[in-house]
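**Student:** Got a structure for you, written out below as structure tokens; questions coming shortly.
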Amino acid sequence: MEENNYRIERVRNIGFVAHIDAGKTTTTERILYYTGRTHKLGNVDEGTTEMDWMEEERERGITITSAATTCFWRDHRINIIDTPGHVDFTAEVERSLRVLDGAIVIFSGVDMVESQSEKVWRQADKYGIPRLAFINKLDRVGAQFAQTMEMIRERLNAIPLPLQIPYGSGQDFQGMIDLLRMELIRWDESSQGERYEYLPIPKEMEAEAKAFRETLIERLAESDEELLMEFLEGRELSRERLLPVIRRATLKGYVPVLGGASLKNIGIQPLLDAIVDFLPSPLDIPPIRGIWWEGQNGDRRRGEKVRHADPGEPLAALAFKVVTDEYAGRLIFLRIYSGRLERGATLLNSTRGVKERISRIFHMHANDRTEIEAASAGDIVAVVGPHELSTGDTLCDPRDPIILERIEFPEPVLSAAIEPQTESEEKRLTEALHKLAQEDPTFKFRVDSETNQTIISGMGELHLEILIHRLTRDFKVTAHVGKPEVAYKETLVQPVEVEERFIKQTGGRGQYAHVLIKFEPLGRGEGFVFEDRVKGGAIPQEFIPAVREGIEEAMQSGPLGGYPVVDLKATLIGGSFHPVDSSDLAFKTAGARALHKALSQGGAELLEPIMEVEIISPNEYLGEVVDDVKVRRGEIKAIESRNSTQIVRAEIPLAETFGYATRLRSLTQGRAVYSLKFARYELVPSSRKEEVLKGR
Ligand code: GDP
């Protein structure tokens, strides 16, 4: 059993993030090659790369899963967490950002800072992730290294630290000039870029290299007083002197910039060096926080706990991805934040309150895996064994439990009915849906209690399409899928106070529950809040959870169209009970009936999901694109012009986005691209409401 003795400061948990097509797959694949994990160079265009092991990704040429792969460079272990590029999978991006410590943002030197890279950049900002920038495709005609770097400063509000500049451009691109060594790096084509050499900087590049190095040192001096002094004194600053300063600056949010052409095998090894030299180890990031309950049953208080990246502390790990693997079964990817994880251990799944056994532990590589006996704080591994451990759950030492901050996922907004082709497939369909839902927290399914139909829901048309495709391919279930439907919701309009007596006397033991509840509307996205303000034991404590449950159950189906009811607060203010006839069931029924009453007295309204849309269109189609947005009840938020394109930011109700891809293609002769992301729920205008409800 190899390689699990890397000291924690020699571990890097990183991810590559990029706009689709910037070259993330190619770069990752080159990295796996040079670090010795794969034996031949793949090519995305032929569908043979190592990371894109899911067939969909091959077919679509995009990376949608979030597997982790381990490789080694300069005696460091680098765990690469794969991040998806398509915006329909924002949840996947967030989930992977949550468990990585540093990121490499890849830009295409031709397309520069695309609005999608901007989005990913902001997400990384949100999690405070230190990052490097790699400007790729410098071999393409029109590639702009300096401009891209400038855009990182202007549009992304970061301070770029140029570590290299390109030598030559387009067809004539020959290598990178290293500004720390002040040497030219040239790669040897015949060795597939495996060999490279340092040469003197060509005369004609000397001035430019000096100028960029000056910029680098000035920016570093801003971040480091000692360096500033040495700089002002005119001292010679060696590479060894600068490396630790750059590292500290990177951890503070400065962004080292490197470049190359992954496809031409140029620039990869210095990028690996930069990952090791500048990106944080698990020791460099803040300790993780979580919660647990203290005290006895009657008086349990929520307390905060902190765990450090220390193998000596009790175990805390977060499951960030579940994959159903044909051979291994359920494979769960874990980020270990503290303690040690050992094979055979029985641990607590604190999120669900169940014990789980670890039967095997692996380091995953792109196309094989290494079984290990144990892993410690800071590492990323895959395990087999736990049955109930799902994405977002915490696994911890049962003697010192903790629940780590959950990863937040948006609720699915689009649903469709699904039906197996034959009755015999019904059980398999349900099993497959269970597995898919465990893997992907933004995918849900349920059985409609009225129609008995199975309803699946996800984040958009493409998301559902991919899931359905997986059903057929991976689970061999053929199913008929209905028209996708918007996940409408219902909510209360006005505050009301309702009294509900649920009393039944039919000889023998009867039923008795009496509640007085105040219902109030809450703001969008605030969900459901229940408060107990019953005084003097008018309702015994033991029945109060039942009232809450009754309300929650009734909220699953609203009065307008049977849509879930959201955003309201229920305050239980009074009631009464009967010493013999009162029961949980009676109070539950009373709670449910109270909610129905409240919605009929206070009124119910329909809510619909609103999507944020960003369209990048050539100038000449701007008029058509904008008009079309308006026809879709859309609201233009901003139009930004960039070179020969326009970026339109708008909000459109999800209901009006069906078939948008096709429409946009025909409006702009296929030259515009767009992305769609859930923003929030809003009231459906009354003119639309009837139409929506007519269909129910
Ligand atoms: P991803 O969508 O970010 O994963 O990008 P890919 O790695 O799939 O690359 C997208 C396309 O750009 C593919 O056709 C690659 O062959 C091409 N590509 C990637 N890197 C380079 C590069 O350095 N130079 C050129 N000319 N093409 C590249």
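The values are calculated or read from the model by the stated rules, or taken from the named source; none is laboratory data. Every value quoted in this text rests on a predicted model; they were computed, and no experiment measured them. With ideal geometry, Cβ positions are generated from the backbone for all residues, glycine too; neighbour counts draw on all protein chains shown. For the accessible areas, the whole protein counts, side chains as well, though only heavy atoms, and no ligand, DNA or RNA atoms are used. Shrake-Rupley method; radii C 1.70, N 1.55, O 1.52, S 1.80 Å.
**Student:** List pairs: first residue in the stretch 74-94 and under 22 Å from ALA377 (Cβ atoms), second residue basic (Lys, Arg) and modelled with pLDDT under 60 anywhere in the structure, Cβ distance under 6 angstrom, at least six positions apart or on different chains.
**Tutor:** From the stretch 74-94, no pairs qualify.
**Student:** Could you name every one of the strands (runs of 3 or more DSSP E) located completely within the stretch 318-408 that has at least 2 residues being over 21 Å from GLU304 (Cβ atoms) and among the aliphatic types (A, V, I, L, M)?
**Tutor:** Passing ranges, in order: 329-338, 360-364, 374-376, 380-384.
**Student:** Return the pair list, or none, for Cβ contacts closer than 8 Å from residues in the stretch 7-33 that are hydroxyl-bearing (Ser, Thr, Tyr) to residues that are within 7 Å of the ligand (Cβ to nearest atom) and part of a helix (DSSP H, G or I), at least 6 apart or on different chains.
**Tutor:** Listed by first residue and then by second, the contacts come to THR25/VAL44; THR26/VAL44; THR26/SER262; THR26/LEU263; THR27/SER262.
**Student:** Kindly list the number of the only condition in (1) out of contact with any strand residue (DSSP E or B) (no Cβ under 8 Å at 6 or more places or on another chain); (2) of a type in the set (Ser, Thr, Tyr); (3) under 21 Å from GLU682 (Cβ atoms) that fails for SER600.
**Tutor:** Unmet condition: (3).
**Student:** Something else about it: Answer with yes or no whether HIS469 is farther than 23 Å from GLU682 by Cα and open to solvent by 70 Å² or more (accessible area, probe 1.4 Å).
**Tutor:** Considered against the rule, which asks whether it is farther than 23 Å from GLU682 by Cα and open to solvent by 70 Å² or more (accessible area, probe 1.4 Å), HIS469 comes out as no.
**Student:** Among the residues of the stretch 330-342, is any open to solvent by 10 Å² or more (accessible area, probe 1.4 Å), hydroxyl-bearing (Ser, Thr, Tyr) and touching a residue at least 12 places away in the same chain (Cβ under 8 Å)?
**Tutor:** Here is the first cut: in the stretch 330-342, the ones open to solvent by 10 Å² or more (accessible area, probe 1.4 Å) are 330, 337, 340, 342.
Of the ones still in play, those that are also hydroxyl-bearing (Ser, Thr, Tyr) are 337.
Remaining after also requiring touching a residue at least 12 places away in the same chain (Cβ under 8 Å): 337.
Yes, the conditions are met somewhere in the stretch 330-342.
**Student:** Mind telling me which of the residues GLY525, GLY558, GLY562, GLY537 ends up being in a loop (DSSP other than H, G, I, E, B) and open to solvent by 50 Å² or more (accessible area, probe 1.4 Å)?
**Tutor:** It is GLY525.
**Student:** Across the stretch 429-443, which residue is farthest from ALA319 (Cα to Cα) among those that are buried (at least 17 other Cβ atoms within 10 Å of the Cβ) and modelled with pLDDT of 90 or more?
**Tutor:** The extreme case among them is LEU429.
**Student:** Identify, by number, the condition in (1) away from the ligand (no atom under 16 Å from the Cβ); (2) in contact (Cβ under 8 Å) with a residue 24 or more places away in the chain; (3) part of a helix (DSSP H, G or I) that GLN269 doesn't meet.
**Tutor:** (1)
**Student:** Condition test on LEU258, is it in contact with a Ser or Thr (Cβ under 9 Å, 6 or more places away or on another chain) and within 30 Å of ARG335 (Cβ to Cβ)?
**Tutor:** Here the answer is no, as LEU258 does not meet what is asked.
**Student:** Conditions: (1) modelled with pLDDT of 85 or more; (2) part of a helix (DSSP H, G or I). GLU419 meets all but one. Number of the miss?
**Tutor:** Answer for GLU419: the failing condition is (2).
**Student:** What number of residues within the stretch 247-268 satisfy the criterion of being farther than 22 Å from ARG7 by Cα and open to solvent by less than 10 Å² (accessible area, probe 1.4 Å)?
**Tutor:** 11
**Student:** For the stretch 661-686, how many residues meet the condition of being in contact with a strand residue (DSSP E or B) (Cβ under 7 Å, 6 or more places away or on another chain) and either of a type outside the set (Ser, Thr, Tyr) or at pLDDT below 90 (or both)?
**Tutor:** Of the residues in the stretch 661-686, 15 are in contact with a strand residue (DSSP E or B) (Cβ under 7 Å, 6 or more places away or on another chain) and either of a type outside the set (Ser, Thr, Tyr) or at pLDDT below 90 (or both).
**Student:** If I go through the stretch 83-106 residue by residue, how many of them are at pLDDT 70 or above, closer than 25 Å to SER617 by Cα and more than 10 Å from the ligand (Cβ to nearest atom)?
**Tutor:** Matching residues across the stretch 83-106 total 1.
**Student:** Just for helices (runs of 4 or more DSSP H) wholly inside the stretch 580-696: which have at least 1 residues that are open to solvent by 50 Å² or more (accessible area, probe 1.4 Å) and free of Cβ contacts under 8 Å to residues at least 12 places away in the same chain?
**Tutor:** Output list reads 622-631, 660-668, 686-694.
**Student:** For the subset of the stretch 131-150 comprising residues that are open to solvent by 50 Å² or more (accessible area, probe 1.4 Å) and within 16 Å of the ligand (Cβ to nearest atom), which member is farthest from the chain's Cα centre (by Cα)?
**Tutor:** VAL141
**Student:** Going through GLU189, GLU197 one at a time, which residue ends up being away from the ligand (no atom under 16 Å from the Cβ) and of a type in the set (Asp, Glu)?
**Tutor:** GLU197
**Student:** Same structure again: Is it the case, given these coordinates, that GLU118 is of a type in the set (Asp, Glu) and without any contact (Cβ under 8 Å) to a residue 24 or more places away in the chain? Quick ask: steps written out before the conclusion?
**Tutor:** Values: of a type in the set (Asp, Glu): yes; without any contact (Cβ under 8 Å) to a residue 24 or more places away in the chain: no.
Criteria not met by GLU118.
**Student:** May I ask you to verify whether ILE31 is modelled with pLDDT of 55 or more, open to solvent by less than 50 Å² (accessible area, probe 1.4 Å) and away from the ligand (no atom under 15 Å from the Cβ)?
**Tutor:** Numbers: modelled with pLDDT of 55 or more: yes; open to solvent by less than 50 Å² (accessible area, probe 1.4 Å): yes; away from the ligand (no atom under 15 Å from the Cβ): no.
Considered against the rule, which asks whether it is modelled with pLDDT of 55 or more, open to solvent by less than 50 Å² (accessible area, probe 1.4 Å) and away from the ligand (no atom under 15 Å from the Cβ), ILE31 comes out as no.
**Student:** Has the stretch 274-285 got any residue that is within 16 Å of the ligand (Cβ to nearest atom), open to solvent by less than 10 Å² (accessible area, probe 1.4 Å) and not acidic (Asp, Glu)?
**Tutor:** no
**Student:** Considering (1) out of contact with any Phe, Trp or Tyr (no Cβ under 8 Å at 6 or more places or on another chain); (2) more than 16 Å from the ligand (Cβ to nearest atom); (3) of a type in the set (A, V, I, L, M); (4) not in a strand (DSSP E or B), say which one LEU263 fails and leave the rest.
**Tutor:** (2)
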